[in-house]
Amino acid sequence: MCDNICVILKEVYILYKVMFVCTGNICRSAMAGAYLRYKLKEFNLEDKVLVETSGIEAIDGEAATDYAKKAIAEYGANLDSHKAKNINEFDLTDYDEILVMTNEHMRILNEIIPNISRKIRLLKSYMRNNSSGYMNVDDPWGLSMEVYKNCAKEIIQCVDSLIAELVQKL
């Protein structure tokens, strides 16, 4: 009985809901979600912000890649218990912000759920000093550890900016 009440009480205190979306939910969105959760604890906001991750083509239950685990661990976050979830498991209309990794992810979500377009944003729109103007966080899947590290670095820069905004909002 306490489990149900505790879940309901926790939902009352959630002030903001964030969803990270990529393709398989085993690299980019997983790293972004793990890092945001880690940083929220630093600011005592873990009970105020719900963080979920998913993939447009995710296979439910698949673990994060070893390289993703190692790359994000360098920033203090942990993906050891991560299990991929498909985007279809969620009602995206419930989220305040849906952060996607590429323009293609944005296009797909807008196509399948047109009424959420105002909530969808490219993660890299949070990147400060993006002099290249390139807005996609490229998929490191199947590539080298160095590519994963570079991907994680981009994600960290973006999530750090997101955290700054959340701290001001909440």
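The values are calculated or read from the model by the stated rules, or taken from the named source; none is laboratory data. All figures in this text were calculated on a predicted structure; none of them were measured in a lab. Every residue, glycine among them, receives a Cβ derived from its backbone with ideal geometry; neighbour counts consider all protein chains shown. Surface areas here come from the heavy atoms of the whole protein model, side chains and all, with no ligands, DNA or RNA. Shrake-Rupley method; radii C 1.70, N 1.55, O 1.52, S 1.80 Å.
Structure above, values below:
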| item | result |
| --- | --- |
| Lone qualifier among 133, 142 - being at positive phi, among the small types (Gly, Ala, Ser) and at pLDDT below 95 | 133 |
| Check on residue 124, at negative phi, assigned to a helix (DSSP H, G or I), within 14 Å of the chain's Cα centre (by Cα) and of a type in the set (D, E, K, R) | yes |
| Condition met for residue 5 (at pLDDT below 95, of a type in the set (A, V, I, L, M) and either in a loop (DSSP other than H, G, I, E, B) or open to solvent by 60 Å² or more (accessible area, probe 1.4 Å) (or both)) | yes |
| Those residues of the range 136-153 which are exposed (fewer than 14 other Cβ atoms within 10 Å of the Cβ) and either touching a Gly at 6+ places or on another chain (Cβ under 8 Å) or part of a helix (DSSP H, G or I) (or both), in sequence order | 145, 146, 153 |
| Selection count where residues are free of Cβ contacts under 8 Å to residues at least 40 places away in the same chain, of a type in the set (S, T, N, Q) and closer than 16 Å to residue 58 by Cβ, scope the range 82-101 | 1 |
| Top-ranked residue in the range 83-111 [being open to solvent by less than 80 Å² (accessible area, probe 1.4 Å) and in contact with a Gly (Cβ under 8 Å, 6 or more places away or on another chain); ranked as nearest to residue 152 (Cα to Cα)] | 84 |
| In the range 10-33, the residues that are at pLDDT 95 or above and open to solvent by 10 Å² or more (accessible area, probe 1.4 Å) | 16, 17, 23, 24, 26 |
